[in-house]
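Following: one structure in structure tokens, then a few remarks.
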Amino acid sequence: MQRYEPVIGLEIHVQLATQSKLFCGDPVQFGAAPNTLVSPISLAYPGTLPRINQQAVESAVQLGLAFGCGIAPISYFARKHYFYPDLPRGYQTSQHTHPICAGGAIQIKEETRNLSFALNRIHLEDDAGKSIHDLYEDATCIDLNRAGTALLEIVTEPVIYNAEHAAAVVAEIRKMVRWLGIGDGNMEAGNLRCDANISLRLAGTKELGTKVEVKNLNSIRFVKKAIEFEIERMEKMLERGEKIQQQTRSFNASNFTTFATREKEEAHDYRYFPDPDLPPIRITQERLNAIQSSMPALPSEITSILQTKYSLSEYDAEQITQDKTEWQFFLATANICANYKSIANWMLGPIRQWRNEKNNEEENMLQPAQLAELIELVESGTVSFTIAAQKIFPIMITGSQSALQIAEEGGWLQEKDTQQLETWVNEVLAAMPEQVAAYKKGKKGLIGVFVGEVKKRSRGKADLKWVTTYLEQQLTSTK
């Protein structure tokens, strides 16, 4: 039994897919030239006043509803006074005591059990700019393009007890953000970032230990690696009798270690007070109903539909709902092809493999009608699944020919001439007398060996269903 128990809480920052910033009309665009997406408001000129981005508010409500949060009828913004060199106002505008969403939970499926991780809140705030330290040896550059961008911060309760579950929570949040269309969840671009708060306590006790916060983790893998390193580091310190320091740390992605950057502040150090320039956000029941009705069906609902209406297994249904575009592709194909299991097999097999190899690029993707055509060719016995997946599918993705045209030009149509098929089968049986004898003595699993040899002799053109039936007839005869 482990002597120490880790306790983990996460703070996930999601950049919202709004066209403008949270409190002004500055455009939001990744990769623009430094300091070109700014205005007197985002630069904090005296006399300027902020206005709340309504799309950002609705995005917060949607995510809160998706995770079962309570939506506050009235919520407020506060000023968080802390020195940000890349935030011109000198304070961040956030929601301290009155967040727009409270409570709720992240639901995770782990093999045969369902896990629930309680949320503390989801609140709105604006982002800081970006400090660039590696352009000059003796100077730091500031890019204020990101300053003022709308963020959602999702804060879990300290109810996560290992790195695997922490990574799964981040993955589920990213999935839901993309599903709702409120953000792209691109961690490499910094559009979804995770801060992990980690502490250790003696196993069986309730009191939390001193925590450290690892900031700005920008991949799900790094979330897991950073937490694992911190647990091991702090455990060794406690075993040596050393005291854990409350501090902020950063992650070194080259060797999967963390390093201290500053002592961690307490909440009172930020000197929060209500922002006098921003009115409260009011969410009436009528507005809440309108936002809820505009939301797409959630993955849990789609999973149920896939199992009941389309007779897919729980596993297939959950895999298809990992990505909204995959569900939409399945639905479009199912509207023209009733072989739902084959659609799922293709999507989770050859198509997913292709997308992974191409880093999920949407260019040159198979169209629903093309997949329906491939499935029909296989089901009718015109081509084998192996030929369809390995030969025809890659050509269809990059060209304009039909599956049948490709099969004909490649010489991949399955052989239907029973005389030729019988010849291949008889040649294989004649060449493998020992295996034939073993089969007749009870080793029925050898049927796959015979089928494989016929497949080789025919160069994949033999109708394997017919071949299997004929082989069984020949092998059970008295000859």
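I'm checking my understanding of the structure. Among residues of the stretch 456-470 that are in a helix (DSSP H, G or I) and over 42 Å from the mean Cα position of the chain (by Cα), which one is nearest to W424 (Cα to Cα)? Here the residue is R457. Pick out the one residue from Q390, Q419 that is over 30 Å from S477 (Cα atoms), assigned to a helix (DSSP H, G or I) and not acidic (D, E). Checking each option against the conditions leaves just Q390. On the given criteria, is L306 in contact with a Leu (Cβ under 8 Å, 6 or more places away or on another chain) and either surrounded by fewer than 18 Cβ atoms within 10 Å (Cβ to Cβ) or within 26 Å of T112 (Cα to Cα) (or both)? Against the criterion (in contact with a Leu (Cβ under 8 Å, 6 or more places away or on another chain) and either surrounded by fewer than 18 Cβ atoms within 10 Å (Cβ to Cβ) or within 26 Å of T112 (Cα to Cα) (or both)), L306 qualifies. Pairs, please: C-beta under 7 Å, at least 6 apart or cross-chain, first residue small (G, A, S) and in the stretch 459-473, second modelled with pLDDT of 75 or more and surrounded by fewer than 16 Cβ atoms within 10 Å (Cβ to Cβ)? Final answer for the pair search is G460/T386. Take S20 and tell me if it is modelled with pLDDT of 95 or more, closer than 11 Å to A150 by Cβ and either of a type in the set (A, V, I, L, M, F, W, C) or assigned by TED's automatic domain parsing to the domain that holds N162 (or both). Judged against the criteria, S20 is a match. Taking the listed residues Q353, Q328, Q319, the one that is under 17 Å from the mean Cα position of the chain (by Cα), part of a helix (DSSP H, G or I) and either at positive phi or buried (at least 17 other Cβ atoms within 10 Å of the Cβ) (or both) is Q319, with no other qualifying.
Out of the residues in the stretch 386-439 meeting the condition of being more than 22 Å from M365 (Cβ to Cβ) and among the β-branched types (V, I, T), tell me which one is surrounded by the fewest Cβ atoms within 10 Å (Cβ to Cβ). Restricting to residues being more than 22 Å from M365 (Cβ to Cβ) and among the β-branched types (V, I, T), the top hit is T418.
The values are calculated or read from the model by the stated rules, or taken from the named source; none is laboratory data. Please read these numbers as outputs of a predicted model, since none were measured by experiment. Using ideal geometry, Cβ is built from the backbone for each residue, glycine included, and neighbour counts are taken over all protein chains shown.
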